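To start, the structure itself, in structure tokens.
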């Protein structure tokens with residue numbers, strides 16, 4: 001996909017947070033020749049060493065001001081509660097009018113906090129690649145992580161068309177299918193498709209007695225896999241998207257209650273209808 005596009009390369013891309021997502025972005029930027037220099041910015045040298053070891057970045061630093069000093073694009077790949085402060089800090093130290101984006105999985109609170117403008121003419125446009133894993137760290141990064149995945153951009157009326165086009169092209173070159181949504185629509189949608197599944201996996205894994213651990217088969221392990229994600233990260237996500245997550249949980253509780261009632265009352269017809277609808281929906285999703 002990316003090879004067919006006429007691409008304007010970035011001189012220097014600074015990635016703040018080079019874990020799984022940031023590291024995968026760095027690898028894809030380098031492998032596809034989309035940036036002259038990729039600089040990784042982080043808090044811990046052990047994480048930065050991992051990013052260098054897998055080839056996700058050219059250089060690393062724990063000094064944010066130094067890391068963004070020459071960037072013409074800054075990508076903030078941090079837990080959602082930290083994004084706003086790091087975007088503002090980056091805007092204080094990167095070149096004037098630098099474009100800044102993020103990869104956070106909640107958008108409205110972040111976009112609202114940053115949409116009024118940043119220092120020295122820097123601009124923010126929110127983004128969220130629908131890709132990832134329960135695994136963390138640059139050691140699990142893959143350049144092809146975004147291939148065929150959606151990347152959502154959340155422009156506002158203050159967004160410059162040229163900035164949107166630049167990030168649209170970037171994510172397309174990284175292999176993604178770009179979708180434009182409002183921040184609220186994004187948060188409402190991912191509450192159902194991403195955050196609810198994580199909540200269900202957490203509840204499922206959390207209720208299993210230790211005495212049953214050795215009897216769990218692939219069905220339980222596959223269904224509960226998401227619960228292995230970072231508790232710190234997901235605490236932030238659930239808190240920042242609280243209302244939409246609660247609404248999604250309400251819909252799930254209704255479905256679960258209907259299933260429970262059908263089983264309790266031995267209502268085979270209703271039970272079969274519920275199972276058929278679920279199978280039809282799941283089959284439509286593909287692999």
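The values are calculated or read from the model by the stated rules, or taken from the named source; none is laboratory data. This one's a predicted model, so the numbers in the text were calculated from it and none came from an experiment. Neighbour counts are summed over all protein chains in view; Cβ atoms, including those assigned to glycine, are modelled from backbone coordinates with ideal geometry.
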Could you check how many residues of the stretch 229-246 are over 12 Å from residue 194 (Cα atoms) and surrounded by 15 or more Cβ atoms within 10 Å (Cβ to Cβ)?
-> 4
Any hit, the stretch 2-9, residues being in contact with a helix residue (DSSP H, G or I) (Cβ under 6 Å, 6 or more places away or on another chain) and modelled with pLDDT of 95 or more | no
Is it the case that the stretch 181-198 has a residue that's outside any helix (DSSP H, G or I) and in contact with a strand residue (DSSP E or B) (Cβ under 9 Å, 6 or more places away or on another chain)?
-> yes
Counting only strands (runs of 3 or more DSSP E) wholly inside the stretch 1-92, the ones holding at least 3 residues that are touching a residue at least 40 places away in the same chain (Cβ under 8 Å), crowded, with 24+ Cβ neighbours inside 10 Å and in the same structural domain as residue 136 (by TED's automatic domain parsing) are 10-16, 73-76
Unmet requirement for residue 224, which otherwise passes all of (1) under 27 Å from the mean Cα position of the chain (by Cα); (2) assigned to a helix (DSSP H, G or I); (3) exposed (fewer than 10 other Cβ atoms within 10 Å of the Cβ) | (3)
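Let's see how each residue does on (1) within 30 Å of residue 115 (Cβ to Cβ); (2) surrounded by 14 or more Cβ atoms within 10 Å (Cβ to Cβ):
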position	(1), (2)
125	yes, yes
130	yes, yes
144	no, yes
161	yes, no
178	yes, yes
189	yes, yes
193	yes, no
214	no, no
218	no, no
A careful count of residues in the stretch 106-153 that are out of contact with any helix residue (DSSP H, G or I) (no Cβ under 8 Å at 6 or more places or on another chain), at negative phi and not in a strand (DSSP E or B) gives 4
